[in-house]
1. In segment 271-278, is there at least one residue being touching a Ser or Thr at 6+ places or on another chain (Cβ under 6 Å) and within 29 Å of His117 (Cβ to Cβ)?
2. Restricting attention to segment 76-118, which residues are at pLDDT below 95 and of a type in the set (Lys, Arg)?
3. Would it be correct to say that Leu66 is closer than 11 Å to Phe142 by Cα, at pLDDT 95 or above and touching a Leu at 6+ places or on another chain (Cβ under 9 Å)?
4. Kindly indicate the residue of segment 104-128 that is free of Cβ contacts under 8 Å to residues at least 24 places away in the same chain and not in a helix (DSSP H, G or I) and also nearest to Ile275 (Cα to Cα) among those meeting that condition.
5. Does Glu239 qualify as being of a type in the set (Asp, Glu), closer than 12 Å to Ala318 by Cα and at pLDDT 95 or above?
6. Would you confirm whether any residue within segment 80-92 is over 19 Å from Ile195 (Cα atoms) and outside any helix (DSSP H, G or I)?
7. Read through the list (1) touching a helix residue (DSSP H, G or I) at 6+ places or on another chain (Cβ under 9 Å); (2) part of a loop (DSSP other than H, G, I, E, B), then give the number of the only condition that Ser300 fails.
Amino acid sequence: MPTTPTTTGSRQTTGSPSAPGSPADKPLLDRLFEYVKESHPRSLRGLLEARGQDPARFARIAELYLQWLVQARGESGIEAAADAFAQFSTDVNLAQARYERDGAYANKSFAEVYEDHYSDAEAMDGYLWGIYLTNFLWAHHFQIMTFFQDRFMTRLGGDAKLVEIAPGHGGWGVWALAHMPEAALEGYDISPQSIQIANSVAAAAGVGGRATYAEKDALDLKQVEAESADGCICSFLVEHLEDPQHLYKVIAHLLKPKGMAFITGALTAAQVDHIYEYRYESELVTMCENAGLRVLETLSANPMRTLPKAKFMPRSMALLVQKRGNEIY
(Lines give C-alpha, C1' and ligand atoms only; values in the text may rest on other atoms or scores of the structure.)
Protein backbone atom coordinates (compact mmCIF):
# COMPACT_ATOMS: atom_id res chain seq x y z
CA MET A 1 0.00 0.00 0.00
CA PRO A 2 1.29 3.53 -0.70
CA THR A 3 2.44 5.41 2.33
CA THR A 4 1.01 8.77 3.36
CA PRO A 5 2.80 11.61 1.54
CA THR A 6 5.13 13.75 3.57
CA THR A 7 2.98 16.88 3.24
CA THR A 8 -0.04 16.92 5.53
CA GLY A 9 -2.75 19.26 6.73
CA SER A 10 -5.02 21.60 4.81
CA ARG A 11 -2.28 24.04 3.81
CA GLN A 12 1.37 24.91 4.23
CA THR A 13 2.79 28.40 4.24
CA THR A 14 6.07 30.20 3.95
CA GLY A 15 7.11 33.38 5.72
CA SER A 16 5.02 35.07 8.41
CA PRO A 17 1.68 33.61 9.53
CA SER A 18 -1.35 35.08 7.78
CA ALA A 19 -3.86 37.21 9.59
CA PRO A 20 -7.10 35.37 10.45
CA GLY A 21 -9.65 35.80 7.69
CA SER A 22 -7.08 36.64 5.04
CA PRO A 23 -7.23 34.89 1.65
CA ALA A 24 -4.26 32.76 2.68
CA ASP A 25 -6.28 31.47 5.65
CA LYS A 26 -8.80 29.69 3.39
CA PRO A 27 -8.45 26.05 2.33
CA LEU A 28 -6.24 25.96 -0.74
CA LEU A 29 -8.71 24.32 -3.10
CA ASP A 30 -11.43 26.79 -2.08
CA ARG A 31 -9.03 29.65 -2.74
CA LEU A 32 -8.24 28.32 -6.17
CA PHE A 33 -11.88 27.89 -7.18
CA GLU A 34 -12.88 31.29 -5.81
CA TYR A 35 -10.03 33.03 -7.58
CA VAL A 36 -10.76 31.34 -10.91
CA LYS A 37 -14.47 32.17 -10.57
CA GLU A 38 -13.65 35.83 -9.96
CA SER A 39 -10.66 36.36 -12.29
CA HIS A 40 -11.03 33.70 -15.00
CA PRO A 41 -14.73 32.74 -15.11
CA ARG A 42 -14.42 31.15 -18.55
CA SER A 43 -12.09 28.53 -17.02
CA LEU A 44 -14.45 27.60 -14.18
CA ARG A 45 -16.52 25.10 -16.16
CA GLY A 46 -13.44 23.01 -16.89
CA LEU A 47 -12.53 22.92 -13.20
CA LEU A 48 -16.02 21.73 -12.31
CA GLU A 49 -15.78 19.02 -14.98
CA ALA A 50 -12.49 17.80 -13.53
CA ARG A 51 -13.83 17.75 -9.98
CA GLY A 52 -16.94 15.93 -11.15
CA GLN A 53 -14.89 12.92 -12.28
CA ASP A 54 -14.34 11.84 -8.66
CA PRO A 55 -14.83 14.71 -6.17
CA ALA A 56 -13.17 13.09 -3.15
CA ARG A 57 -10.14 11.88 -5.06
CA PHE A 58 -9.87 15.16 -6.94
CA ALA A 59 -9.79 17.04 -3.64
CA ARG A 60 -7.03 14.83 -2.23
CA ILE A 61 -4.79 15.15 -5.28
CA ALA A 62 -5.48 18.85 -5.83
CA GLU A 63 -4.84 19.71 -2.20
CA LEU A 64 -1.51 17.89 -2.26
CA TYR A 65 -0.36 19.66 -5.42
CA LEU A 66 -1.51 23.02 -4.08
CA GLN A 67 0.35 22.48 -0.80
CA TRP A 68 3.54 21.94 -2.79
CA LEU A 69 2.78 24.98 -4.92
CA VAL A 70 2.40 27.26 -1.90
CA GLN A 71 5.53 25.87 -0.29
CA ALA A 72 7.49 26.41 -3.50
CA ARG A 73 6.14 29.83 -4.52
CA GLY A 74 4.74 31.40 -1.34
CA GLU A 75 1.18 32.35 -0.44
CA SER A 76 0.55 34.20 -3.70
CA GLY A 77 1.54 31.12 -5.69
CA ILE A 78 -2.00 29.82 -6.18
CA GLU A 79 -3.22 33.02 -7.79
CA ALA A 80 -0.10 33.38 -9.96
CA ALA A 81 -0.33 29.76 -11.12
CA ALA A 82 -4.07 30.15 -11.81
CA ASP A 83 -3.28 33.13 -14.03
CA ALA A 84 -0.68 31.04 -15.84
CA PHE A 85 -3.13 28.15 -16.18
CA ALA A 86 -5.82 30.38 -17.69
CA GLN A 87 -3.31 31.85 -20.15
CA PHE A 88 -1.98 28.42 -21.09
CA SER A 89 -5.50 27.07 -21.64
CA THR A 90 -6.33 30.05 -23.86
CA ASP A 91 -3.13 29.57 -25.86
CA VAL A 92 -3.94 25.88 -26.36
CA ASN A 93 -7.44 26.70 -27.61
CA LEU A 94 -6.04 29.24 -30.06
CA ALA A 95 -3.42 26.76 -31.28
CA GLN A 96 -6.10 24.11 -31.77
CA ALA A 97 -8.22 26.56 -33.76
CA ARG A 98 -5.25 27.32 -36.05
CA TYR A 99 -4.64 23.58 -36.41
CA GLU A 100 -8.26 23.08 -37.46
CA ARG A 101 -7.82 25.83 -40.05
CA ASP A 102 -4.42 24.76 -41.41
CA GLY A 103 -4.54 20.99 -40.92
CA ALA A 104 -1.02 20.92 -39.46
CA TYR A 105 0.88 22.03 -36.37
CA ALA A 106 2.43 25.49 -36.57
CA ASN A 107 6.03 24.39 -35.89
CA LYS A 108 7.97 21.53 -37.43
CA SER A 109 11.35 21.75 -35.69
CA PHE A 110 12.86 22.23 -32.25
CA ALA A 111 14.78 25.24 -33.56
CA GLU A 112 11.51 27.01 -34.38
CA VAL A 113 10.04 26.26 -30.97
CA TYR A 114 13.21 27.36 -29.16
CA GLU A 115 13.26 30.65 -31.03
CA ASP A 116 9.60 31.40 -30.43
CA HIS A 117 9.12 29.95 -26.97
CA TYR A 118 11.80 28.12 -25.01
CA SER A 119 14.35 30.95 -25.15
CA ASP A 120 12.03 33.23 -23.13
CA ALA A 121 12.75 32.40 -19.48
CA GLU A 122 9.84 34.42 -18.10
CA ALA A 123 7.36 32.84 -20.49
CA MET A 124 8.70 29.39 -19.66
CA ASP A 125 8.13 29.97 -15.96
CA GLY A 126 4.46 30.74 -16.49
CA TYR A 127 4.14 27.92 -19.02
CA LEU A 128 5.46 25.31 -16.58
CA TRP A 129 3.32 26.43 -13.65
CA GLY A 130 0.28 26.55 -15.92
CA ILE A 131 0.92 22.96 -16.99
CA TYR A 132 1.40 22.00 -13.34
CA LEU A 133 -2.26 22.84 -12.72
CA THR A 134 -3.51 21.13 -15.89
CA ASN A 135 -2.48 17.82 -14.32
CA PHE A 136 -5.68 17.85 -12.27
CA LEU A 137 -7.69 20.86 -13.52
CA TRP A 138 -8.22 19.41 -17.01
CA ALA A 139 -10.68 16.52 -16.67
CA HIS A 140 -8.94 14.28 -19.20
CA HIS A 141 -5.55 14.93 -17.56
CA PHE A 142 -7.04 14.07 -14.18
CA GLN A 143 -7.95 10.68 -15.69
CA ILE A 144 -4.30 10.28 -16.68
CA MET A 145 -3.25 11.10 -13.10
CA THR A 146 -5.44 8.39 -11.63
CA PHE A 147 -4.08 5.92 -14.20
CA PHE A 148 -0.54 6.87 -13.11
CA GLN A 149 -1.37 6.32 -9.45
CA ASP A 150 -3.38 3.12 -9.85
CA ARG A 151 -1.47 1.36 -12.62
CA PHE A 152 2.13 2.59 -12.44
CA MET A 153 2.92 3.54 -8.83
CA THR A 154 1.41 0.37 -7.44
CA ARG A 155 3.66 -1.86 -9.59
CA LEU A 156 6.94 -0.46 -8.29
CA GLY A 157 8.71 -1.36 -5.07
CA GLY A 158 9.08 1.26 -2.36
CA ASP A 159 12.84 1.38 -2.94
CA ALA A 160 12.65 1.71 -6.74
CA LYS A 161 15.21 3.68 -8.70
CA LEU A 162 13.34 6.04 -11.00
CA VAL A 163 14.40 8.10 -13.98
CA GLU A 164 12.25 10.98 -15.17
CA ILE A 165 12.84 12.26 -18.69
CA ALA A 166 11.82 15.89 -19.18
CA PRO A 167 10.22 16.36 -15.74
CA GLY A 168 9.02 19.87 -16.60
CA HIS A 169 7.44 21.07 -13.35
CA GLY A 170 8.49 17.86 -11.58
CA GLY A 171 5.04 16.99 -10.27
CA TRP A 172 4.85 13.44 -11.63
CA GLY A 173 8.13 12.21 -10.17
CA VAL A 174 7.65 14.05 -6.89
CA TRP A 175 4.23 12.46 -6.48
CA ALA A 176 5.77 9.03 -7.02
CA LEU A 177 8.50 9.71 -4.43
CA ALA A 178 5.91 10.90 -1.92
CA HIS A 179 4.25 7.48 -2.17
CA MET A 180 7.46 5.42 -2.18
CA PRO A 181 9.47 6.35 0.91
CA GLU A 182 12.72 4.62 -0.07
CA ALA A 183 12.68 5.40 -3.79
CA ALA A 184 15.14 7.76 -5.49
CA LEU A 185 14.75 9.69 -8.72
CA GLU A 186 17.08 11.17 -11.32
CA GLY A 187 15.53 13.72 -13.66
CA TYR A 188 16.92 15.11 -16.93
CA ASP A 189 15.59 18.16 -18.74
CA ILE A 190 16.99 20.51 -21.35
CA SER A 191 15.35 23.54 -19.71
CA PRO A 192 17.06 25.33 -16.79
CA GLN A 193 13.67 26.72 -15.73
CA SER A 194 12.36 23.18 -15.50
CA ILE A 195 15.29 22.09 -13.32
CA GLN A 196 14.71 25.04 -10.99
CA ILE A 197 10.98 24.47 -10.64
CA ALA A 198 11.28 20.68 -10.26
CA ASN A 199 13.81 21.18 -7.47
CA SER A 200 11.48 23.62 -5.72
CA VAL A 201 8.54 21.22 -5.92
CA ALA A 202 10.65 18.31 -4.63
CA ALA A 203 11.85 20.41 -1.70
CA ALA A 204 8.29 21.54 -0.96
CA ALA A 205 7.12 17.92 -0.86
CA GLY A 206 9.94 16.94 1.50
CA VAL A 207 11.57 14.59 -1.02
CA GLY A 208 14.36 16.86 -2.23
CA GLY A 209 17.00 14.60 -0.71
CA ARG A 210 15.84 11.73 -2.94
CA ALA A 211 15.46 13.69 -6.20
CA THR A 212 18.31 15.01 -8.32
CA TYR A 213 17.86 16.92 -11.57
CA ALA A 214 20.40 17.63 -14.28
CA GLU A 215 20.27 19.78 -17.41
CA LYS A 216 20.63 17.28 -20.24
CA ASP A 217 19.10 16.54 -23.62
CA ALA A 218 16.59 13.71 -23.24
CA LEU A 219 17.78 12.19 -26.51
CA ASP A 220 21.40 12.04 -25.39
CA LEU A 221 21.43 9.98 -22.19
CA LYS A 222 23.97 7.39 -23.27
CA GLN A 223 26.17 8.41 -20.36
CA VAL A 224 23.46 7.29 -17.93
CA GLU A 225 24.07 3.69 -16.92
CA ALA A 226 22.22 1.23 -19.12
CA GLU A 227 19.55 -0.98 -17.52
CA SER A 228 19.86 0.88 -14.22
CA ALA A 229 16.27 2.05 -13.64
CA ASP A 230 13.37 0.11 -12.15
CA GLY A 231 10.93 2.69 -13.45
CA CYS A 232 10.85 5.53 -15.94
CA ILE A 233 8.48 8.50 -16.19
CA CYS A 234 8.19 10.44 -19.45
CA SER A 235 5.16 12.69 -19.57
CA PHE A 236 4.13 14.61 -22.69
CA LEU A 237 7.49 14.77 -24.42
CA VAL A 238 7.06 12.53 -27.46
CA GLU A 239 4.98 15.09 -29.37
CA HIS A 240 7.66 17.77 -28.79
CA LEU A 241 10.26 15.90 -30.84
CA GLU A 242 11.07 15.72 -34.52
CA ASP A 243 11.94 12.00 -34.22
CA PRO A 244 10.18 10.55 -31.16
CA GLN A 245 11.15 6.96 -32.01
CA HIS A 246 14.62 7.69 -30.65
CA LEU A 247 13.13 8.62 -27.27
CA TYR A 248 11.47 5.23 -26.87
CA LYS A 249 14.88 3.64 -27.49
CA VAL A 250 16.37 5.86 -24.77
CA ILE A 251 13.71 4.64 -22.34
CA ALA A 252 14.47 1.03 -23.21
CA HIS A 253 18.20 1.74 -22.74
CA LEU A 254 17.63 3.05 -19.21
CA LEU A 255 15.24 0.36 -17.95
CA LYS A 256 16.25 -2.91 -16.39
CA PRO A 257 14.72 -5.99 -18.04
CA LYS A 258 11.12 -6.11 -16.82
CA GLY A 259 11.41 -2.48 -15.70
CA MET A 260 8.26 -0.36 -16.04
CA ALA A 261 7.69 2.97 -17.75
CA PHE A 262 4.85 5.46 -17.73
CA ILE A 263 4.70 7.37 -21.01
CA THR A 264 2.17 9.97 -22.12
CA GLY A 265 1.67 11.71 -25.43
CA ALA A 266 -0.73 14.09 -27.16
CA LEU A 267 -2.60 13.20 -30.34
CA THR A 268 -4.08 15.75 -32.77
CA ALA A 269 -3.67 18.28 -29.96
CA ALA A 270 -1.94 21.49 -30.94
CA GLN A 271 0.30 23.62 -28.75
CA VAL A 272 2.92 26.17 -29.63
CA ASP A 273 5.65 23.59 -28.91
CA HIS A 274 4.05 20.46 -30.38
CA ILE A 275 5.98 19.25 -33.41
CA TYR A 276 5.23 15.58 -34.10
CA GLU A 277 1.61 15.00 -35.07
CA TYR A 278 0.28 11.70 -33.76
CA ARG A 279 -3.10 10.87 -35.27
CA TYR A 280 -3.69 7.31 -34.03
CA GLU A 281 -3.13 5.63 -30.68
CA SER A 282 -1.58 2.70 -32.50
CA GLU A 283 1.34 4.93 -33.55
CA LEU A 284 2.52 5.28 -29.95
CA VAL A 285 2.04 1.56 -29.32
CA THR A 286 4.04 0.64 -32.41
CA MET A 287 6.91 2.97 -31.49
CA CYS A 288 7.08 1.38 -28.04
CA GLU A 289 7.12 -2.12 -29.52
CA ASN A 290 9.79 -1.17 -32.05
CA ALA A 291 12.02 -0.05 -29.15
CA GLY A 292 11.69 -3.34 -27.25
CA LEU A 293 8.94 -2.19 -24.89
CA ARG A 294 5.88 -4.35 -24.25
CA VAL A 295 2.69 -2.33 -23.91
CA LEU A 296 0.74 -3.61 -20.91
CA GLU A 297 -2.06 -1.07 -20.60
CA THR A 298 -3.19 2.14 -22.26
CA LEU A 299 -5.64 4.94 -21.60
CA SER A 300 -6.75 7.46 -24.20
CA ALA A 301 -8.67 10.43 -22.80
CA ASN A 302 -10.17 13.45 -24.52
CA PRO A 303 -11.60 16.77 -23.30
CA MET A 304 -15.29 16.84 -22.52
CA ARG A 305 -15.71 19.79 -24.91
CA THR A 306 -14.13 20.48 -28.32
CA LEU A 307 -14.30 23.23 -30.90
CA PRO A 308 -17.58 23.34 -32.89
CA LYS A 309 -17.48 21.10 -35.98
CA ALA A 310 -13.94 20.01 -35.12
CA LYS A 311 -12.15 17.69 -37.53
CA PHE A 312 -9.50 16.75 -34.98
CA MET A 313 -10.20 15.22 -31.58
CA PRO A 314 -7.45 16.29 -29.13
CA ARG A 315 -6.46 13.38 -26.94
CA SER A 316 -3.99 12.54 -24.21
CA MET A 317 -2.74 8.97 -24.12
CA ALA A 318 -1.00 7.16 -21.27
CA LEU A 319 0.90 3.92 -21.75
CA LEU A 320 2.16 1.52 -19.13
CA VAL A 321 5.02 -0.40 -20.72
CA GLN A 322 7.60 -2.96 -19.65
CA LYS A 323 11.04 -3.59 -21.04
CA ARG A 324 11.20 -7.00 -22.62
CA GLY A 325 13.48 -9.68 -21.29
CA ASN A 326 14.67 -12.55 -23.48
CA GLU A 327 11.17 -13.70 -24.31
CA ILE A 328 9.97 -13.92 -27.88
CA TYR A 329 6.55 -12.34 -28.37
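1. no
2. Lys108
3. Judged against the criteria, Leu66 is not a match.
4. Top of the filtered list is Ser119.
5. On the way: of a type in the set (Asp, Glu): yes; closer than 12 Å to Ala318 by Cα: no; at pLDDT 95 or above: yes.
No: the conditions fail for Glu239.
6. Taking segment 80-92 first, the residues over 19 Å from Ile195 (Cα atoms) are 80, 82-83, 85-92.
Imposing the further condition that a residue be outside any helix (DSSP H, G or I) reduces the set to none.
No, every residue in segment 80-92 fails to be over 19 Å from Ile195 (Cα atoms) and outside any helix (DSSP H, G or I).
7. All conditions pass for Ser300, except number (2).
Each row is one residue, and each column tells you yes or no for (1) over 20 Å from the mean Cα position of the chain (by Cα); (2) surrounded by fewer than 14 Cβ atoms within 10 Å (Cβ to Cβ).
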| position | (1), (2) |
| --- | --- |
| Asp54 | no, no |
| Ala81 | no, no |
| Glu100 | yes, no |
| Lys108 | yes, yes |
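The values are calculated or read from the model by the stated rules, or taken from the named source; none is laboratory data. This structure is a prediction, so every number in the text was calculated from the model and none was measured. Ideal geometry is used to build each Cβ from the backbone, glycine not excepted, and the neighbour counts take in all protein chains shown.
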